[in-house]
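Read-outs: derived from the displayed coordinates by stated rules, not from any lab. Quantities reported herein were computed from a predicted structural model and do not represent experimental measurements. Methodologically, a virtual Cβ is constructed for each residue, glycine included, from the backbone with ideal geometry; neighbour enumeration extends over all protein chains shown.
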Amino acid sequence: MRMLRFRGPSWLADSGFTGDEDRLYFSSMTTRLIKHPCKKNVALYLGRQVFLTTDNFESSLLPFSIPTSMQVGTPKVTSAHFAGPVLLLVLNQKVYIYDYEVNSWNASVGIKHPVSHLSGDNCCYSEHPSCMDISNSVFAYLHGDQVSEANIYFSDSCGYTFQKFAYERQAELAGSLGGVFYFHSLSQVGLLLIDQGKAMFCYSHHPVNHSFGLPFDYNGTLDILITPGQKGILIFWFEKSLLVSWNAGQLVDPVEVKEGRQIVYSSLSEAKVTIHTVAANENELAVLTQENHLYYGNLGVLSRSLVKFADQNIWSQEAALMFTNVGMLEILTPLPDSVFLAFDFQKCPVNIQAILMDPKLQVDVCKVELLQGEFENKMYTIDMNSALELTALMIPRPGMSPVPLVMVSNPHSLGLQAVIYEDGYTYDGNTKHRLNISLMQQHHWGRADPNFTSSIRRPTMSTITVDIANKEISCVDLKPLTALVSVGCDLEKKIVIQNEITACYNGILDPVALQDNYSYVIERDAYDPNFWGQKATRDLVVHYHYEQLGCPHLVYYDTPWKPVVELWRGGKFKEVVEAEYVLLEVNGLFTYTYSLTAGTAFCTAQPQNWTTILEHAGDKGLFAWDRENYVSCHTDDNKAPLRWPDVPYQILGGPTDNKVVFDQRNGMYIFFLSIVDPHYSYCRLETSFSVYVYGAFPMSVIPQESTVFLLTGAILLTVWLAYILPKLLSTEKGLRLKGFWVRLYGRCRQSCACWQGRR
């Protein structure tokens, strides 16, 4: 046990404390210590005083307070949560945000009803957007409300702004609200329902939304702790009860108490103790009771028991627990300074591994010497039709035969296959066991019933954990290997349009000119700025962006054409895309159509088109057609009857050989392309490219019908004259007419000869 030293009154002046603030206090008689899962030195102590530290309580601290200008009223804290870089607090049924890095306060926006609790999680694996979304997500709600009428709020901005959260079937649910949680390990939103001393979870999405979690006893108001790491481990506790769930609330079990190998209590409530505070990290659990009992357990697979350490005088009303490292626990107690306003924290360090070596505890020796894998604490992405291969190494103690277990937290989304084999020996002669793990979307394994798998259209998450079955509690340093797997968009993927024949290569366009603020004109008869196919009222001048588009692809107007779309990942070519995609000319040109109609494309339902998509685009804007709203006309999911089979079929790729057919017009086209096949990738794969159409002769000014009529008339007149003239010349009138033309010809020759002689 050691006492921290206070740094002196000069630090007080630097802290910004002015006295014009409301000092915060916690609503419960027991203490809480909330440690930031990612920033290990940041923690919040909740008791009769509230303290916020950014150095693990190494420095003296002033009681945490809020400026009176925030007008919070009663400064009672009922809930707190670290959301990424900020601290959220519920004060007087409202949510406030404290940015501890810049020392600023804000009130949350969007909450219109009283709230009492916050819930959220933090992802520490990487800065991947999916991981950041976890840290940014927060729920706010009023504990004890009737579920059917409860006002639930959700924020995806670290609590700065909230929106009303609509939970499907909420009006049908009975009981009071015990909590709202985003279980990222299961990709589900869970509501805890309390009714007549029993509680159970209901979930938001298929397939677990069709049933409830198993009910469990709910006596008192349970505090619910989500352990770090997104493994789905929940800890429920109040003064007389301690429960744990390893699968996001689907099964909730009491925690047993062991002495040696014997179970002395099937639950901690049977021990007749009063729980004062609880602490947990990714793999460990500690409990401090008012009877000066300290309990410890690991959160490994198939492990739900605690051992009691020897009694010591360690409890006080203000005591709190905090894990500082694996196997290292501290009992913290704030002590007021006799001179200054600040508090020092008394720290009682507990070395778990050293205590477990006490023969009186009768703890079995750990059966495993080493468990390691390069994937530990990393994040991976599995996109549609992709797979992931991982390996782990296990070295057991000589003569021991431990059983490794590989588990995923979301088996509805992520399927696995594991193979273990001997892989040589260590220098000490121990056998090395190699574990090869294959991960793939559960849909593509082909081994699960469709009623078991989650919707393939919805991105999901899961953690994978490698642990030892029935691992001894003495395996303190042998942490489970955990990685986060996002079954969603692979951000390294992109699509590129193959452009082997360009207008620059063939000399039709000059690349230097294209880079020199090049622009071109679209005639008013060829485009519609509103994309309805109606002619515009004036010509459009378009500036060409060479840096983005490069030299345009060259296409002959009279040849049906479609682009060759390539998939690239991490700068490497992967494949030619055969999935369905759509095109749209970004300036509204409508001088092109498609080679297939809904009928010739063998649609069984009315296909979608740009007109119907843009009618319902809303805030999505112009390029609204994507994988999320696309419905194929070849599947049973499309219920629209095929009423107009002659309309152009506007989807390229996929099962048809549809192509673009250009009108008789030369010029530039700039296309937006979007992959709409929902089963190709979770990403919105989009790109823009340019095409130059050539070879079309100018359209005639005279209408085509008039030209055909005049040409036919001229031919008929020529034939008639060829027939009638020889007959006319053989008659008397014909001879007189012939003589007239001969005499006229002779006079013309004489006149021409005289005129030339005068010259």
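Summary of the geometry: the stretch 475-524 and the stretch 609-674, compared by the centres of their Cα atoms, lie 22 Å apart. Near residue 658, the amide H atoms lying under 5 Å from its own belong to 653; only residues 5 or more places off or on other chains count, and H is placed 1.01 Å from N. Karplus-based coupling profile of the stretch 564-572, in residue order and whole Hz: 9, 9, 10, 9, 10, 9, x, x, 10, with θ = phi - 60° in 6.51 cos²θ - 1.76 cosθ + 1.60 and x standing for Gly or Pro.
Put simply, the convex hull of the Cα atoms in the stretch 53-101 casts, on average, a shadow of 3.9 nm². When P(r) over Cα pairs in 10 Å bins from 0, in percent is calculated for this entry, the matching label among (1) 2, 12, 21, 23, 19, 12, 7, 3, 1, 0, 0; (2) 2, 10, 14, 14, 14, 12, 8, 5, 4, 5, 5, 4, 2, 1, 0, 0; (3) 2, 11, 17, 18, 15, 12, 9, 6, 3, 2, 2, 2, 2, 1, 0 is (3). Summing Cβ point charges (Lys, Arg +1; Asp, Glu -1) relative to the Cα centre of the chain gives a dipole of roughly 3100 debye. Counting charges near residue 539 (Lys, Arg +1; Asp, Glu -1) among other residues having Cβ under 15 Å from its Cβ returns a value of +1. Listed by chain and number, the lysines whose C-alpha is less than 17 Å from the C-alpha of residue 574, apart from same-chain residues fewer than 8 away, are 493, 494. Shape class for the stretch 389-516: prolate, because the ratio a/c of the largest to smallest gyration tensor axis (alpha-carbon atoms, square roots of eigenvalues) is 1.5 or more and a/b beats b/c.
Each residue of the stretch 519-530 is assigned a 3J(HN,Hα), and the resulting list reads 9, 9, 10, 9, 5, 4, 7, 10, 9, 9, x, 9 Hz, derived from the Karplus form 6.51 cos²θ - 1.76 cosθ + 1.60 (θ = phi - 60°), x at Gly and Pro.
Modelled spin labels at residue 163 and residue 196, positioned 7 Å past Cα toward Cβ, are 3.8 nm from each other.
Please state the shape class of the stretch 330-385: rounded when a/c is under 1.5, otherwise prolate if a/b exceeds b/c and oblate if not, all from the C-alpha gyration tensor. Taking the square roots of the gyration eigenvalues as a ≥ b ≥ c, the stretch 330-385 is oblate. Dipole of the stretch 112-184 computed with +1 at Lys/Arg Cβ and -1 at Asp/Glu Cβ about the Cα centre; of 158, 170, 146, farthest Cα towards the positive end is 146. Taking other residues whose beta carbon is less than 14 angstrom from the beta carbon of residue 431, and scoring Lys, Arg as +1 and Asp, Glu as -1, yields 0. Taking a ≥ b ≥ c as the square roots of the Cα gyration tensor eigenvalues, with a/c under 1.5 meaning rounded and otherwise prolate when a/b beats b/c, else oblate, which class fits the stretch 212-299? Cα axes put the stretch 212-299 in the rounded bin. Taking amide H as placed 1.01 Å from N in the peptide plane, the amide H of residue 91 sits under 5 Å from that of 96, each at least 5 places away or on another chain.
Straight-distance candidates among the lysines for linking to residue 39, with alpha-carbon spacing under 27 Å and chain neighbours fewer than 8 residues away dropped: 76, 94, 231, 347, 378, 479. Near residue 377, the amide H atoms lying under 5 Å from its own belong to 482, 483; only residues 5 or more places off or on other chains count, and H is placed 1.01 Å from N. The stretch 23-69 and the stretch 128-194 have their alpha-carbon centroids 25 Å apart. Label-to-label distance, residue 400 versus residue 586, with points set 7 angstrom from Cα along the beta-carbon direction: 6.2 nm. Between the residues 465, 710, 368, the greatest Cα displacement towards the positive end of the dipole of the chain, with unit charges on the Cβ of Lys, Arg, Asp and Glu, is found for 710. Computed from Cα atoms alone, the Kirkwood hydrodynamic radius reported for the stretch 391-463 is 14.3 Å. Length gained on full extension, residue 498 to residue 559, computed as 0.36 nm times the residue gap minus the Cα-Cα distance: 20.2 nm. Over all other residues within a Cβ to Cβ distance under 12 Å of residue 669, the charged ones net out to -1, with Lys and Arg as +1 and Asp and Glu as -1. Helical runs assigned H by DSSP (4 residues or longer) give the chain a calculated mean residue ellipticity at 222 nm of -3500 deg cm²/dmol, each run adding -39500 (n - 2.57) before division by the residue total. For the stretch 361-395, the residues whose amide N sits under 14 Å from a probe point set 7 Å from the Cα of residue 423 along the beta carbon direction are 370-376, 389-395. The string of couplings for the stretch 367-373 from the Karplus curve (6.51, -1.76, 1.60, θ = phi - 60°) is 7, 10, 8, 8, 9, 8, x Hz, one whole number per residue in order, with x for Gly and Pro.
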